[in-house]
Amino acid sequence: MVKYVLCCILILTLVTLYLGYKRNSHGLFQQIMNLHVVSILLNVIYFFAAEQLSLERDFLLYLPFAFLYGPVLYFAAQAISDKKLSPWKIAAHLTPFLLGIVFYVFRCLYPVWLDAAWLRHTHHTVKTLMLLFYALYILFFNHLNNKGGHHAQRKLIQRLGFLTLIGSVIYVVFAYSNIVYGNSGNSEDASPVSRFLYLILLIAVLLVFRYTINGFLSAGAEGDSAVLEPKEGEVKRYQKSALSDAILDHYEQTLYALMIQQRVFLDPELSLQTLARALKIPKHHLTQLLSVRMGENFYHYVNRFRIDYACKLINQSVIDLTLEELAYKSGFNSKTSFNRYFKKQVGCTPSEYRNL
């Protein structure tokens, strides 16, 4: 079973990284998620190789990767809320991971010197508390900016935070039953628990893979929609439908308020279906509203708000953002789509607009 899980994690990681590269997504959030799946892959590969070499579980439980998962989720949450992380803050959050690497190396080289009971207790207690702290922060204390529009990203890290919470509980069982209470060595007592840990890591990679592939498909659909305009016959058919002008007026006002107040257009994964769900109306009603009242399709309508927001970012930004960062912060999945819509709406490229 473990071999199959390892193969699945390996394949999902490689596909996730490939899709992220193909969609030309250089956004900070995607890069952090890539780091997350790579760290999981390295963890599982090392764990699997160590078990095949019959290393004592004492050495496996000192792997430092658990010190990295929490900070990665914290960085992802900060990226969504557009909060700047100073270098010293990044270093502070990564310090336990770096110390964990140093400790693990010395633990392997000098196992007798670092075999004190208090040292083992301290190491596993700190690791467990860190996992619990970051998981609880993500789940309960990190109130992300709901006006940011990053619904898919918020949902992803909330689920990853929940998995981290479960993993920390499992780790308590795994670590303390096999190290603190003496069941170390090559015994098979911890095998069921280790399989649960493998499963937790597989689900985490699967969640990131799903997010990435949804963004990839969304980017493709957005590109295909560039040449699509509401057909004349379709508009006439909608005009003869049962929806009254009063209902369409209400829909239009609600939609505009959603765009201005909650900025749902900033979500790169926003789709016609999710927008209709946010409006609490049927999807075909939203399609009719866009066709009859706006005379454009979903992507054209949403991207108008994105371009306006991008212009504000350019005008207000103290530090020049790269085109990739500007595109991502404005809700686009790719720099290509961003450039195309920007030039079509503004009449010049983002670089030219910045130099005006």
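The values are calculated or read from the model by the stated rules, or taken from the named source; none is laboratory data. In this text the structure is predicted, and so the values were computed from the model without any measurement. No Cβ is skipped: glycine too gets one built from the backbone with ideal geometry, and neighbour counts run over all protein chains shown. The accessibility values were calculated without ligands, DNA or RNA, using every heavy atom of the protein model including side chains. Shrake-Rupley method; radii C 1.70, N 1.55, O 1.52, S 1.80 Å.
Which ³J(HN,Hα) values in Hz, rounded to whole numbers, follow from the phi angles of region 253-266 under the Karplus curve 6.51 cos²θ - 1.76 cosθ + 1.60, where θ = phi - 60° and Gly and Pro get x?
Per-residue couplings from phi come out as 5, 5, 5, 5, 5, 5, 5, 6, 7, 9, 6, 5, 5, 6 Hz.
How far, in nm, would the chain grow between Val102 and Ala117 when pulled straight, counting 0.36 nm per residue and subtracting the alpha carbon separation?
Answer, rounded to one decimal: 3.5 nm.
Highest first, please rank the peptides 256-267, 96-107, 293-304 by the mean number of other Cβ atoms sitting within 10 Å of their residues.
So the order, starting with the most tightly packed, is 293-304, 256-267, 96-107.
Got a number for the accessible area of Ile11? Probe 1.4 Å, square angstrom, nearest 10.
For Ile11, the solvent-accessible surface is approximately 100 Å².
Between Leu356 and Val173, what length comes free when the chain is fully extended (0.36 nm per residue of separation minus the Cα-Cα distance, one decimal in nm)?
Gain on extension, Leu356 to Val173, equals 59.7 nm.
Translational D (Stokes-Einstein, µm²/s) of region 255-330 at 25 °C and 0.890 mPa s when Rh comes from the Kirkwood sum over C-alpha pairs?
The Stokes-Einstein estimate is 184 µm²/s.
If each of Asn315 and Gln261 carries a label point 7 Å out from its Cα toward its Cβ, how far apart are those two points in nm?
Simple spin-label model gives 2.4 nm for this pair.
Which order do Phe332, Phe305, Phe162 take when ranked by solvent-accessible area (1.4 Å probe, heavy atoms of all protein chains), largest first?
These residues rank, largest area first, as Phe162, Phe305, Phe332.
Using a 1.4 Å probe and ignoring any ligands, DNA or RNA, find the accessible area of His121 and quote it in Å² to the nearest 10.
Rounded to the nearest 10, that gives 80 Å².
For the pair Thr254/Leu35, report the inter-label distance in nm, with labels modelled 7 Å from Cα in the Cβ direction.
Inter-label distance under the simple model: 4.1 nm.
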